[in-house]
Amino acid sequence: MTRTSALLAVASIALLAACSGSDGQARVSGPDPVTAPSITSTPDTTQAAPEPDPTTPATTETVATTNTPTTAPAPTTTLDPIAEIEAAVSRDFAAGEQALLEAYAQPNEVQAVALLEQHHVGVVFDRVLIALFELQNRGLRVKPNPDVPQVAILVSGVKFIGTGGDRVLATTCRVDAAVVFVPGEPGDVDDVVVNDTIRRTVAENEFVLIDDIWKLSSGNEISNHVGETSCADV
């Protein structure tokens, strides 16, 4: 069993517990408290203590004391499978954006389709593949914007879809600042920029776990703004 599969199993248990309505604390009713009787009493008569025998030497009893070192309890760690799955979805979403840039930078290379397929599936894969073919047909390429970084992050926690534990929804924010250009001839002609529009899109996206990678499969757009360069205020 992979670590992701183990996390999904624990996460499913955590989700079932969260939906059960229990506060998770067992309440056990024990017996009534027992009150110990008094261990002090007053004797009926007072008796004098016996006189010491002068022929018997006094003895001093020495009791050895042992200092037992105190061992601090070992620290405990709490596994949060939901947080780890959210971190994995976030990581794979960002990796998918990087794969997109690499594929579009060299659209005619044989590994371009494999890069897209590694992080996208379903209708999203169909769309990014169509864009790749358009770049090929028009002789275009894509490169990062030197002034505005590409962004692809989660801005909400994940919500599981169904009971399989392999499909989640999350709100995402993406800043697409990549530059589409016609490559110039080396040493003779500069690149010709075709599109350098910066666009920020917020969407609710679905991710599917395939081969231990959370792949982007579909999405519904929430907002779309031209010129926004950050997701800080989303």
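Given the structure, is residue 167 over 26 Å from the mean Cα position of the chain (by Cα), among the charged types (D, E, K, R) and surrounded by fewer than 18 Cβ atoms within 10 Å (Cβ to Cβ)? Considered against the rule, which asks whether it is over 26 Å from the mean Cα position of the chain (by Cα), among the charged types (D, E, K, R) and surrounded by fewer than 18 Cβ atoms within 10 Å (Cβ to Cβ), residue 167 comes out as no.
Take the stretch 79-97 and flag every residue that is over 8 Å from the mean Cα position of the chain (by Cα) and small (Gly, Ala, Ser). Give the steps one after another, and end with the answer.
Going through the stretch 79-97, the residues over 8 Å from the mean Cα position of the chain (by Cα) turn out to be 79-80, 91-97.
Across the stretch 79-97, the qualifying residues are 94, 95, 96.
Only one of the listed residues (196, 188, 176, 212) is closer than 26 Å to residue 91 by Cβ, charged (D, E, K, R) and out of contact with any helix residue (DSSP H, G or I) (no Cβ under 7 Å at 6 or more places or on another chain). That residue is 176.
Looking across the stretch 104-119 at every residue that is of a type outside the set (Phe, Trp, Tyr) and touching a residue at least 40 places away in the same chain (Cβ under 8 Å), the one that is surrounded by the most Cβ atoms within 10 Å (Cβ to Cβ) is identified as 119. Applying the condition of being surrounded by fewer than 17 Cβ atoms within 10 Å (Cβ to Cβ), closer than 24 Å to residue 84 by Cβ and at pLDDT 95 or above to the stretch 120-164 and asking which residue is nearest to the chain's Cα centre (by Cα) yields 157.
Name the residue that is nearest to residue 169 (Cα to Cα), counting only residues in the stretch 188-234 that are outside any strand (DSSP E or B) and among the charged types (D, E, K, R).
Going through the stretch 188-234, the residues outside any strand (DSSP E or B) turn out to be 188-191, 196-198, 211-212, 227-234.
Narrowing further to those that are among the charged types (D, E, K, R): 188, 190-191, 196, 211-212, 228, 233.
On the way: 188: 49, 190: 43, 191: 39, 196: 30, 211: 18, 212: 17, 228: 24, 233: 21 Å.
Going through the qualifying residues, I end up with 212.
Residues that are aliphatic (A, V, I, L, M) and surrounded by 14 or more Cβ atoms within 10 Å (Cβ to Cβ) were ranked within the stretch 183-209; the one that is farthest from the chain's Cα centre (by Cα) is 198.
The values are calculated or read from the model by the stated rules, or taken from the named source; none is laboratory data. What you are looking at is a predicted structure, and each value in this text was computed from that prediction instead of being measured. Heads up, the Cβs are rebuilt from the backbone with ideal geometry, glycines too, and the neighbour counts pull from every protein chain shown.
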